[in-house]
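The block underneath contains the structure these notes are about, expressed in structure tokens.
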Amino acid sequence: MGLGMPISDTRKWKVNRSADEIKKIMIDELKQKKAEIKEASSGKIVATMGSALKTRLIGGLIVSKETLPVKITLLMNEGAGETEIDATIEDNLGPGIRTGMVGRYMEYIQSLFDELAKALQE
């Protein structure tokens with residue numbers, strides 16, 4: 001996890017909702033988290049959160065977790081009565097060294113997955 005490789009994690013969920021319902025729930029949840037929605041279709045949502053500039057200036061070990069820049073990609077595949085979601089959350093720092101930030105990022109990514117999964121169950 002030195003130069004170049006983003007810090008990322010993936011989850012797969014199966015939900016008894018349509019892709020359109022999931023899209024609405026996820027966009028609402030992401031907007032509440034002040035995410036910027038980059039793409040939103042019935043099959044895919046891409047959103048970014050945080051600030052790479054602030055993280056670089058202040059330092060990844062000091063900034064709040066909410067400031068860490070992340071990219072969230074949700075791929076939705078609707079089947080018979082359920083929709084499969086492939087969710088990926090990765091750092092959105094761009095090129096550069098991530099020394100010492102892996103633990104903070106993985107903790108933050110895990111909590112984001114938990115919050116998104118919870119929103120889908122409500």
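The values are calculated or read from the model by the stated rules, or taken from the named source; none is laboratory data. Small disclaimer: the values here were computed from a predicted structure and weren't measured. Here the Cβ positions follow ideal geometry from the backbone for every residue, glycine too, while neighbour counts run over all protein chains shown.
So I89 fits all but one of (1) surrounded by 14 or more Cβ atoms within 10 Å (Cβ to Cβ); (2) part of a strand (DSSP E or B); (3) more than 11 Å from the chain's Cα centre (by Cα); what number is the exception?
Unmet condition: (3).
Looking only at residues that are hydroxyl-bearing (S, T, Y) and within 25 Å of K24 (Cβ to Cβ) in segment 92-122, which one is surrounded by the most Cβ atoms within 10 Å (Cβ to Cβ)? Spell out how you get there, then give the answer.
Residues of segment 92-122 that are hydroxyl-bearing (S, T, Y), as a first pass: 99, 105, 108, 111.
Still in the running and within 25 Å of K24 (Cβ to Cβ): 108, 111.
Working: Y108: 22, S111: 11.
Ranking the candidates gives Y108 first.
Checking the structure you have, find out if any residue of segment 31-45 is out of contact with any strand residue (DSSP E or B) (no Cβ under 8 Å at 6 or more places or on another chain), at pLDDT 95 or above and of a type outside the set (A, V, I, L, M, F, W, C).
yes
Specify which of the listed residues (R104, R17, R56) is outside any strand (DSSP E or B), of a type in the set (K, R) and under 25 Å from E122 (Cβ atoms). Break it down into steps so the answer makes sense when it comes.
Details: R104 fails: under 25 Å from E122 (Cβ atoms); R56 fails: under 25 Å from E122 (Cβ atoms).
Of the residues listed, the single one that is outside any strand (DSSP E or B), of a type in the set (K, R) and under 25 Å from E122 (Cβ atoms) is R17.
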